[in-house]
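S.K.: Can you read through this structure? Questions will come right after.
What follows is calculated from the coordinates using simple rules that are stated; it is not laboratory data. The model shown is predicted, which means the values in this text are computed figures rather than measured ones. Cβ placement follows ideal geometry from the backbone for every residue including glycine, while neighbour counts extend to all protein chains displayed.
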Amino acid sequence: MPELTKLQDTSSGDREPLVRSRGVVVVKTANYQLIAGDFGKTFTNRGAAGSVTLTLPAPALCKAGNFIRVLKMTPGQNIVVAANGNTIVGPATPFTGTTAITHSTANERASLELEYDGTAWLATPSGTWTIS
């Protein structure tokens, strides 16, 4: 069963908790174009023999609140998240308006959480991610 996160929505005065699933874990060992049905899932490169690029869905398919999580579990292989016409911003200036984010640090596992606010994807990294 997926891990659940309880969120409190106070924007409408409603005090009922919202529940958001962390989703299922999907292994990708080759490049993959994400689709609308992939929102809420976690993607990993476990077992990849080379670099893996995950391309975000086209902006027309994205809605506020959509999220995707990426785990780099094969330390010797790069993992890239490509924007596909989307805007990716981060908690720090280096990610602002970038077209792709890459994790290429050898011998390091990492994660990247992406959440869409209706205009851009906020990338929250763990590990050493760079713009590419």
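S.K.: Determine, for each peptide in 25-35, 73-83, the mean count of other beta carbons within 10 angstrom over its residues, then list the peptides with the highest first.
M.R.: In decreasing order of mean packing, 25-35, 73-83 become 73-83, 25-35.
S.K.: Among E113, E108, what is the fewest-to-most ranking by other Cβ atoms within 10 Å?
M.R.: Fewest-to-most Cβ neighbours within 10 Å comes out as E108, E113.
S.K.: If you don't mind, there's one more thing I want to ask. Tell me the relative contact order for segment 23-131 as a rounded percent, counting alpha carbon contacts under 8 Å between residues six or more apart.
M.R.: 24 percent
S.K.: What number results when the radius of gyration of segment 23-131, computed over Cα atoms, is divided by 2.2 N^0.38 Å?
M.R.: In units of the 2.2 N^0.38 Å rule of thumb, it is 0.96.
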